[in-house]
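In what follows, a structure is listed as structure tokens, so that the remarks can point back to it.
Only the coordinates and a few stated rules stand behind these numbers; no lab work does. Computed from a prediction, not measured in an experiment: that's the story for all the values here. Cβ placement follows ideal geometry from the backbone for every residue including glycine, while neighbour counts extend to all protein chains displayed.
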Amino acid sequence: MKNLRESQKGSALIMVALAMTVLVGMVSLVTDAGLLYLGNQQLSNALDAAVLAGAQVLPQDPQGAVVLAKEYAEKNGLQQDEVQVTITNGNKVISVSGNKQVNYFFARIFGYDRAELDKTAEAGIGSLAEYTGIVPLSIDERELYYGEEYVLKYGAGEDPEGIWHSGWFGTLALGGGGADIYRENLYSGYLENVKVGDVLELETGNMSNPTTEGVEYRMAECRHTPQCTFDNYQPGCDRIMIVPVIKPYGHKTVEVTGFAAFFLEGVGGQGNENYIYGRFIRFHVPGEFSTGQSGDYGVYGVYLRG
Ligand SMILES: [Zn+2]
């Protein structure tokens, strides 16, 4: 009788030991799978942050892009000398590779110490092909010299008055004609989405008063300290306007071929003679864009690849 009880106790112990082994195995699997997942996420996030940061200064500054990418990789837990940055496609694609070691917690019991994760992230920039918020101004298709002064809306009697239509000074009728709609569009940008290939109507007349009001309003909305300048500005500043690049289409209409960013510096001239002056800048906007048929006028969107 005693022997039977002993042997029952013995087999129960074996059962418990077996169950424990299975349990530890499962816990280790779950815990270490979690660690691996976390490590993967941290590495992906760090590399994504690195490429997105670097892309902000492409295509004009590839060396700066490398520096920025490495800084952001480091801010996100990687070593600067452990990431490789490459820039390709005419300085329009940046990729960053990095690796991370994940030390296992339980799996060591079974002889697995760590995992090596290797990943690459890639970001590209593309010319903006659509935008919501353009101003009712325009620039005809041409090569733009960033940082040089341009006049956007001409004054009456000035060259090139009415190059495509008599009494036209460079303004657009977006969502309707007239001074009130024009002024509103100048204040806050046209609220509809405009794409490359869209046909827009010209606004004729010199629009002097609403131009002065619109420009002064936007200038005053820059409450940044120090005040923004064309080479040192806050990205969301109202002094930066997205202007459609256009070519003639039909009677009193033009076709959009791209978008440019204009840093507003003021309104000059008196009465009917007034004009808007400022400088085109290279600018990155958040949001949608395409790399399709849009001309490159210095306004870019950034996207993650793969
Ligand atoms: Zn500002």
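Highest average first, the peptides 295-303, 184-192 ordered by how many other beta carbon atoms sit within 10 Å of their residues are 295-303, 184-192. Shape descriptor for the chain: Rg over Rh equals 1.30 (Cα atoms; Rh from the Kirkwood inverse mean 1/r).
Within the chain, antiparallel bridges make up roughly 90 percent of the DSSP beta bridges whose residues both belong there. Cβ-Cβ distance of V67 and N103, R₀ of 25 Å, FRET efficiency by 1/(1 + (r/R0)^6): the value works out to about 0.25. Antiparallel beta bridges, as assigned by DSSP with both residues in the range 130-305, represent about 85 percent of the total such bridges.
Our summary gives the range 2-124 a relative contact order of 26 percent, counting only alpha carbon pairs under 8 angstrom and 6 or more residues apart. Could you compute how fast the range 2-124 diffuses translationally, taking Rh as the Kirkwood radius over C-alpha pairs and applying Stokes-Einstein at 37 °C with viscosity 0.692 mPa s? Give it in µm² per second. In µm²/s, the coefficient is 191.
Rounded, prolate or oblate: which fits the range 175-243, taking a ≥ b ≥ c as square roots of the Cα gyration tensor eigenvalues, rounded meaning a/c under 1.5, else prolate when a/b beats b/c? It is oblate, given that a/c is not under 1.5 and a/b is not larger than b/c. Pairs exceeding 32 Å between alpha-carbon atoms, taken from K75/K195; K92/K119; K92/K195: K75/K195. Once the Cα atoms of helix 62-75 and of the chain are each reduced to a long axis, what angle between those two axes, in degrees from 0 to 90 to the nearest 10, is obtained? The helix 62-75 is inclined about 40 degrees to the chain. Please report the relative contact order for the chain, taking Cα pairs under 8 Å with a sequence separation of at least 6, and give it as a percent rounded to a whole number. Normalised by residue count, the contact order of the chain is 19 percent. Expressed in units of 2.2 N^0.38 Å, where N is the residue count, the Cα radius of gyration of the range 133-226 is 1.12. Roughly what angle does helix 208-220 make with the longest principal axis of the chain, taking Cα atoms, 0 to 90 degrees, to the nearest 10? The two axes meet at around 30 degrees. Mind checking the angle between helix 2-55 and the chain's longest principal axis? C-alpha axes, 0 to 90 degrees, to the nearest 10. Here the helix axis deviates by roughly 20 degrees. For a test of the definition: using alpha carbon positions, the gyration tensor, and the 1.5 limit on a/c, classify the range 130-305 as rounded, prolate or oblate. Taking the square roots of the gyration eigenvalues as a ≥ b ≥ c, the range 130-305 is oblate.
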